[in-house]
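Quick notes on the structure that follows.
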Amino acid sequence: MTRHLNLKAADGFELKAYVTEPEGAPRAALIILPEIFGVNSHIRSVTDRYAQHGYLAIAPNMFDRVQRDLDLGYSDDDVKTGQALMRTLDWDQAVLDIEAAAQAVGHAGKVGIVGYCWGGTAAWVAASRSTGGDRGANITCAVSYYGNAITTVMEDRPRIPMMLHWGEKDHLIALADIERVRDIAPASSQTFIYPTGHGFNCDQRSLYHPESAALAEQRTLDFLKAHIG
């Protein structure tokens, strides 16, 4: 079952979220963090898919602070719009919004994060800056897909286990920088590099690489099972 939910961050800001409930009791909760295109049809489908695996899945509208209900496609104009909006976001505010999502689904148990591109960097930042406790609502692990902007927040050091997925041909980040990120990730973290480029999980783009996407998803599910159930 899918529904839309209103969230309130600790600073009083209100944002929306897309929520999908699993059949039966949830095994745990999962926050899905979007690319620069917002909670579009692809992110909604990812959220639905994780609910099919038993998770109470929530995709917060992380761009609501700069543009409400962002839902872009993948044209060149959409990319330019998303990039411009991304540059106006504040990381500390983003963490507050992620924590609000965690609070909304925390009754399901432990909470994990899976983020893509911008959301992959947001997963890293949240894993580093979330205060935990009531606001963090048991955020226990995080997964980052091709979070190339992690290189701009290298002072942030995650305090929870992470899994990081990269494409070796990613035009937005060099292999040497991927190695730098791996070197400062928590010892409990895992890094995987696939024979493809950026955005390989998105089946709505020419960047899609089904073999890498399937393998990364299975590794992610195994990681989530180990850390949140």
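Each value in this text was obtained by applying a stated rule to the coordinates, not by laboratory testing. Please read all numbers here as calculations on a predicted model, not as lab measurements.
Diffusion of the range 2-227 by Stokes-Einstein, at 37 °C in a medium of 0.692 mPa s and with Rh set to the Kirkwood radius over alpha-carbon pairs, works out to 192 µm²/s. Quick check on the chain: helices-only [θ] at 222 nm, where DSSP H runs of length 4 and up contribute -39,500 (n - 2.57) each and the sum goes over total residues. Nearest 500, please. Value at 222 nm, helices only, nearest 500: -11000 deg cm²/dmol.
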